[in-house]
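This report concerns only the one structure given below.
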Ligand SMILES: [Zn+2]
């Protein structure tokens, strides 16, 4: 693979709803979506409204396969799917990987959300180059001969699947959007999962104070991230799944302590392109 072409891009960094005010523009308004651009394929984590922006800018001559990994089925992680142009163009072999969560098949959630009366069209309108693949979290997905993705469940209402994309170039990217810490063991599991990585993108929706009234909503707070960051100081950590009601300055103020004390931690910013060495 050619190292210089490899990077990942945040197309959507918010959780809940693609909404907000102009004062929130720096970190974006779109919901969860990260693109890992490899020399031979695009790997997409989650299909929040941000995936529409990925689809809009893709080069007309690009024919690389696209693998979309869905972590869970809350609508903020799916709503962009029927707005993603490559699913209609027929120019790409698109595989959409769906974890079985709480014993249920993800395709049922897709069928529910993308069909009348919730949406004007159904998934049958996608190009025939689009396919869906169910998997059991805990299993490893082999995307090709080189690229494999470890998967693991994390606590969230309805469960959430985290991903670890191993050994592309020298990098290992972990993506864990949406999880709540229900015991110290939960954070230990995150540390264990991501400690061999180079980059970790992780839910950090709230401050400790905010979390007090939002127990059970399924999210981490910045104090949780501090525990993780101190345990794996060599991993670059991106604070992700920002609350939609927070302005840019609020996000920066809330995370000021952790980003100044831990140089390995920063806020995920929409359109930020992280070059991989
Ligand atoms: Zn969720």
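The values are calculated or read from the model by the stated rules, or taken from the named source; none is laboratory data. Note that the structure is predicted; figures quoted are calculated from it, not measured. When we count neighbours, we look across all protein chains shown, and the Cβ atoms used for this are built from the backbone with ideal geometry, even at glycine.
Taking first residues from the stretch 155-166 that are farther than 13 Å from residue 139 by Cβ and touching a residue at least 40 places away in the same chain (Cβ under 8 Å) and partners that are within 10 Å of the ligand (Cβ to nearest atom) and assigned to a strand (DSSP E or B), the Cβ contacts under 9 Å between residues at least 6 apart in sequence or on separate chains come to 156/203; 160/203. Against the definition (on the phi < 0 side of the Ramachandran plot, surrounded by fewer than 22 Cβ atoms within 10 Å (Cβ to Cβ), within 17 Å of the chain's Cα centre (by Cα) and within 15 Å of the ligand (Cβ to nearest atom)), how does residue 203 come out, yes or no? In short, no. The residues in the stretch 15-41 that are in contact (Cβ under 8 Å) with a residue 40 or more places away in the chain and not in a loop (DSSP other than H, G, I, E, B) can be counted, and the count is 6. If the condition is being more than 13 Å from the ligand (Cβ to nearest atom) and closer than 20 Å to residue 75 by Cβ, then the stretch 154-200 contributes 163, 175. If I filter the stretch 28-49 for residues that are within 26 Å of residue 203 (Cβ to Cβ), loosely packed, with under 14 Cβ neighbours inside 10 Å and out of contact with any strand residue (DSSP E or B) (no Cβ under 7 Å at 6 or more places or on another chain), do I get at least one hit? No; the residues of the stretch 28-49 include none that is within 26 Å of residue 203 (Cβ to Cβ), loosely packed, with under 14 Cβ neighbours inside 10 Å and out of contact with any strand residue (DSSP E or B) (no Cβ under 7 Å at 6 or more places or on another chain).
Within the stretch 42-62, the set of residues being assigned to a strand (DSSP E or B) and under 24 Å from residue 251 (Cβ atoms) comprises 44, 45. Screening residue 174 on (1) in contact with a helix residue (DSSP H, G or I) (Cβ under 7 Å, 6 or more places away or on another chain); (2) at pLDDT 95 or above; (3) farther than 28 Å from residue 37 by Cβ; (4) buried (at least 19 other Cβ atoms within 10 Å of the Cβ) shows it passes everything except condition (3). Scanning the stretch 52-86 for residues that are within 14 Å of residue 31 (Cα to Cα) and within 16 Å of the ligand (Cβ to nearest atom) gives 70, 71, 72, 73, 74, 75, 76, 77, 78, 79, 80, 81.
Filtered by the rule that a residue be touching a residue at least 24 places away in the same chain (Cβ under 8 Å) and in a strand (DSSP E or B), the stretch 77-118 gives 94, 95, 96, 97, 98, 99, 101. Applying the condition of being closer than 17 Å to residue 199 by Cα and surrounded by fewer than 22 Cβ atoms within 10 Å (Cβ to Cβ) to the stretch 213-231 and asking which residue is farthest from the ligand (Cβ to nearest atom) yields 230.
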